[in-house]
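S.K.: One structure is given below, represented as structure tokens, and several questions about it will come after.
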Amino acid sequence: MGNLLCATETPNTLTLICDLDGTLLPKPHKNEAGVLKNPTLREGAAFAPIERLLNDGGTIYGVTGSKLSSHKPRFWDDLPLSARCEGRVLLFCETGMSLFRPNEEGEPVEDESYGPFPGNTKRYLPTSTVNAFVAAARAAVRQWFQDLKADPALLDAGHWLIPLADRWADEDAPLSHDPKQTPRIEVRGDTADTVAGVMVAGVPIQYGAKYLTPCLIPGEIEGVPTGRLCFDAVVPGLNKKLVLDWLLREKVIDPKSGAVVCFGDSPGGNDAGLTAYHMGGIPFVSVCEHDKKVPEPLMPWHTGHNERGSGATISRLADLQKERKGKAGPIVNLNTLNKIVDEARASL
Ligand SMILES: [Mg+2]
């Protein structure tokens, strides 16, 4: 791996551990020409506060279900070069199966020694499992579009998926990594032997459990709806908690420091793993779009409003980091964070 810089914690600076889609990155949307746009960090409300926090010595770790190829341009490339070159940025991809660290030029390089499972190992899906899931998911996506074609009221009037139903009720969703293609099935792995997950796009989150959960194979492939139109199926046991466990195991973060905060928009879903140590020194801030989807015990730390909520909360954390610079002791605890979240929420 050569001259990789280690991620080390600088005293009295904050480390944020963040989900990306729906948390830091603005939502994809169709432009006037009907083309789907995937905005980058810089285009959203979280960018300026994150830039300020990093320029002041802070650290950020992204944790995403996606591959590096899609989130390097949307996240990594927008972060200040100095923070990247100093190793204050890490990106965990594919639900934490792979880790990218910056080299001296600030470019992401995969850390081959990293593995999320005990012993820093990786686990992959057998090809037969991938094939069985893809076949079942294709039938399920087709069924979803057949049902939508028969009853467009399944979605709000004018939803952009409705006109797609005619075609995809009769056609299989393609295997593709093109974010502009909906529906699609993304098989995530560099080779057939190293597939850690399969993402299905095209079934809205509220219908994911009905149509796609039955495609899973207990003990072989697990999954949950993860985004507005996405369902992630992964290696059993793979979830974002393993990233926190690795960071703790390798002593990259210290739960006693009062300097680490997690952010996610799906605390009851694919970000549940990031809430694992909420009471144990690694507090979690929810920016979930819907209040009802936030587990009750996390409500005092729920800002909501997706990347706007993250921006408003991180802005206050950046202020606090600046204020605490050079002073001993923790920067943040559950009480201070609760006050910050209340202020941020009220400002939106
Ligand atoms: Mg998310």
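S.K.: Can you give the three extents of the C-alpha atoms in region 268-338 along their principal axes, from longest to shortest, in whole Å?
M.R.: Reported extents, whole Å, longest axis first: 39, 26, 18.
S.K.: Highest GNM mean-square fluctuation, the chain, Cα pairs closer than 10 Å: which of G311, G58, G34?
M.R.: Ranking G311, G58, G34 by mean-square fluctuation puts G34 first.
S.K.: With only alpha-carbon pairs counted, each pair once and no self-pairs, how large is the Kirkwood hydrodynamic radius of region 71-118 in angstroms?
M.R.: Working: mean 1/r = 0.0911 Å⁻¹.
When all Cα pairs of region 71-118 are included, the Kirkwood radius is 11.0 Å.
S.K.: Related question: With everything on Cα atoms, drop me the angle between helix 306-324 and the longest principal axis of the chain, reported from 0 to 90° to the nearest 10.
M.R.: Tilt relative to the chain: about 10 degrees.
S.K.: Quick check: residue separation of A328 and A48 times 0.36 nm, minus the Cα distance between them. What number comes out in nm?
M.R.: 98.1 nm
S.K.: Mind running the shape call on region 13-128? Use the C-alpha gyration tensor, a ≥ b ≥ c as the square roots of the eigenvalues: rounded below 1.5 for a/c, prolate if a/b tops b/c, oblate otherwise.
M.R.: Values: a/c = 2.07, a/b = 1.14, b/c = 1.82.
It is oblate, given that a/c is not under 1.5 and a/b is not larger than b/c.
S.K.: Still on this structure: Relative to the longest principal axis of the C-alpha atoms of the chain, give the angle of the C-alpha long axis of helix 334-346, reported between 0 and 90° and rounded to the nearest 10°.
M.R.: 60
S.K.: Amide H of I17 versus every other amide H placed in the peptide plane: which residues, excluding those fewer than 5 positions away on the same chain, fall under 5 Å?
M.R.: Y61, V261, C262, F263
S.K.: Tell me the trypsin sites (Lys or Arg not before Pro) within region 205-253 that lie in a loop according to DSSP and have at most 11 other beta-carbon atoms within 10 Å.
M.R.: Answer in residue order: K251.
S.K.: Just to be sure I understand: with springs between alpha-carbon atoms less than 10 Å apart, which residue in P236, P163, P39 has the highest mean-square fluctuation in the Gaussian network model of the chain?
M.R.: Of P236, P163, P39, the most mobile in the Gaussian network model is P163.
S.K.: Oh, and also: How high is the relative contact order of the chain? Use alpha-carbon pairs under 8 Å, at least six apart in sequence, and give a whole percent.
M.R.: 19 percent.
S.K.: Can you compute the charge dipole magnitude of region 127-234 about its Cα centre, using +1 on each Lys and Arg Cβ and -1 on each Asp and Glu Cβ, nothing else charged? Give it in debye, rounded to the nearest 20.
M.R.: Details: 9 positive and 14 negative charges, 37 e Å.
Value, rounded to 20: 180 debye.
S.K.: Which FRET efficiency value, to the nearest 0.05, is calculated for K256 and D156 with the Förster distance at 41 angstrom and r the Cβ-Cβ distance?
M.R.: Once the sixth-power term is evaluated, E becomes 0.30.
S.K.: For every helix of n ≥ 4 consecutive DSSP H residues, a contribution of -39,500 (n - 2.57) applies; sum these over the chain, divide by its total residues, and give [θ] at 222 nm rounded to the nearest 500 deg cm²/dmol.
M.R.: Helices in the chain give a 222 nm mean residue ellipticity of -8500 deg cm²/dmol.
S.K.: Moving on. If you place +1 on the Cβ of every Lys and Arg and -1 on the Cβ of every Asp and Glu, how big does the dipole about the Cα centre of region 9-111 come out, in debye to the nearest 20?
M.R.: Roughly 380 debye for region 9-111.
S.K.: Another question about this same structure. Could you give the radius of gyration (one decimal) and Dmax (whole number) of the Cα atoms in region 165-293, in Å?
M.R.: 16.9, 56
S.K.: What are the semi-axes of the equivalent ellipsoid for region 127-234, taken as the square roots of 5 times the Cα gyration tensor eigenvalues, largest first, in whole Å?
M.R.: Equivalent-ellipsoid dimensions as semi-axes: 24, 14, 12 Å.
S.K.: Please compute P(r) over all alpha-carbon pairs of region 47-205, binned at 5 Å starting from zero, and give each bin as a whole-number percent.
M.R.: Result returned by the calculation: 2, 8, 15, 15, 14, 13, 12, 9, 8, 4, 1, 0.
S.K.: From the C-alpha coordinates alone, can you work out the Kirkwood hydrodynamic radius of the chain, in Å?
M.R.: After inverting the mean inverse Cα-Cα distance, the result is 20.6 Å.
S.K.: What's the angle, to the nearest 10 degrees (0 to 90), between helix 127-150's Cα axis and the longest principal axis of the chain?
M.R.: With both axes taken from Cα atoms, the answer is about 70 degrees.
S.K.: Hey, another quick one. When you count, for each residue, the other Cβ atoms within 10 Å and take the mean per peptide, how do 179-187, 269-277 rank with the highest first?
M.R.: Details: 179-187: 18.4, 269-277: 22.1.
Output ranking for 179-187, 269-277: 269-277, 179-187.
S.K.: Then there's this: Any idea which of S113, A45, F145 is furthest toward the positive side of the dipole for region 1-147, if Lys and Arg beta-carbons carry +1 and Asp and Glu beta-carbons -1?
M.R.: F145
S.K.: Measure out, as a whole number of angstrom, how far apart the alpha-carbon centroids of region 151-226 and region 275-297 sit.
M.R.: 26
A short reminder: the numbers here are calculations on the coordinates, not readings from a lab. No experiment lies behind these values; they were computed from the predicted model shown. FYI the Cβ positions are ideal-geometry reconstructions off the backbone, even for glycines, and counts take in every protein chain you see.
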